[in-house]
1. If R₀ is 51 angstrom, what is the calculated FRET efficiency for the pair GLN235 and GLU101, using the beta carbon separation as r and rounding to 0.05?
2. Out of the trypsin sites (Lys or Arg not before Pro) in the stretch 47-103, which ones are loop residues according to DSSP with at most 16 other C-beta atoms within 10 Å?
3. Stretched out fully, how many nm does the piece from GLU22 to GLU204 gain, at 0.36 nm a residue minus the Cα gap?
4. Rounded to the nearest 0.05, what FRET efficiency do HIS276 and LEU109 have when you use their Cβ-Cβ distance and R0 = 35 Å?
5. Using alpha-carbon positions, what is the distance between the centroids of the stretch 25-63 and the stretch 84-127, in Å?
6. Calculate, in nm to one decimal, what ARG292 and GLU94 gain on full extension: separation in residues at 0.36 nm each, minus their alpha carbon distance.
7. Nearest 0.05, what FRET efficiency do ASP248 and SER191 give at R0 = 35 Å with Cβ-Cβ as r?
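Read-outs: derived from the displayed coordinates by stated rules, not from any lab. Quick caveat: nothing in here was measured; it's all calculated off a predicted structure. No Cβ is skipped: glycine too gets one built from the backbone with ideal geometry, and neighbour counts run over all protein chains shown.
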Amino acid sequence: MSAATTRSRTARTPVPDRLCAEAVDLARAAAEEAAAPGVVGEHVAVVSEGDRVVTHFFECKEPGYRGWRWAVTVARASRAKHVTLDETVLLPGEDALLAPEWVPWSERLRPGDMGPGDLLPTEADDIRLEPGYTGEDEPPPNSAVSEVSREMADRVDAEDAELTTRPATTSRGSIAAVADELGMRRARVLSRYGLHAAADRWDEAFGAKTPMAQAAPASCVTCAFLVPLAGSLRQAFGVCANEFGPADGRVVSLAYGCGGHSEAAVMPKPPKPAPHALDTIQVDEYPLRPARDSGSVPAEPDAPTEDLGHS
């Protein structure tokens, strides 16, 4: 049992080759050649990587690489006494100072990081955005397309009316029914003074005179992240729904703006490479001999010359 335990332990951690383990000077010379002068420190460890393969570790004195070590691997062929160099690398140790994992800028950005003058580009296929209605493609009032659209809209309204369950406690035409439809069935509502006071507070915090709005490329009235309010305040205010904007979840003026505007800087799609110009389908014919009339010398002999009468 003791012999089996010893053999298994030896198989897991092989004993370093003697000649390779003694090649400290060769390993140090290789590390000093790869590194800058004076940055290779003391020999700290030797590790066996396999049969006749050993790695020597040297302390690294390079500023900014605290805890790193120069690793030089040497090897020896079977039945050979000459040790050769395998590779030289700089590896981090257990307490090495490592750089944080790289994170794309789109994932590093957090709410509140945007300042006046900053731009937050949005991708063309941003899942938070979808095409809106600007009225430019609206068909003429008397066209066939407009009639079909009106019919479909009426059908949708009819289906919504069937699916919507409304309380039958009020009769249509009464004051309570009108208040119910307007969403005002409350004991008291905001007065005109209360509306103006709220509008003044919101405009002071997120209005057109703020530094962020002054440096913005566009206003919130054209931003896709603006959620309009209901009632009379929708003419001047909305709610910001951009999680990376400085006013996320806040009531903002339509004249307010920031660098997170949905259309301020749209990231273009990557260019599509042009197709390869080489035609591998068509067969090109190459004659083995040139054509008879392709050269500068005629193939047929000249006709007999006439006697010019010279002596």
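1. 0.60
2. Loop-located and lightly packed - LYS61, ARG66, ARG79, LYS81.
3. Computed gain between GLU22 and GLU204 is 57.8 nm.
4. Working from the Cβ atoms, E equals 0.35.
5. Measuring centre to centre over Cα atoms gives 30 Å.
6. Difference between extended and current length: 63.2 nm.
7. Once rounded, the FRET efficiency stands at 0.75.
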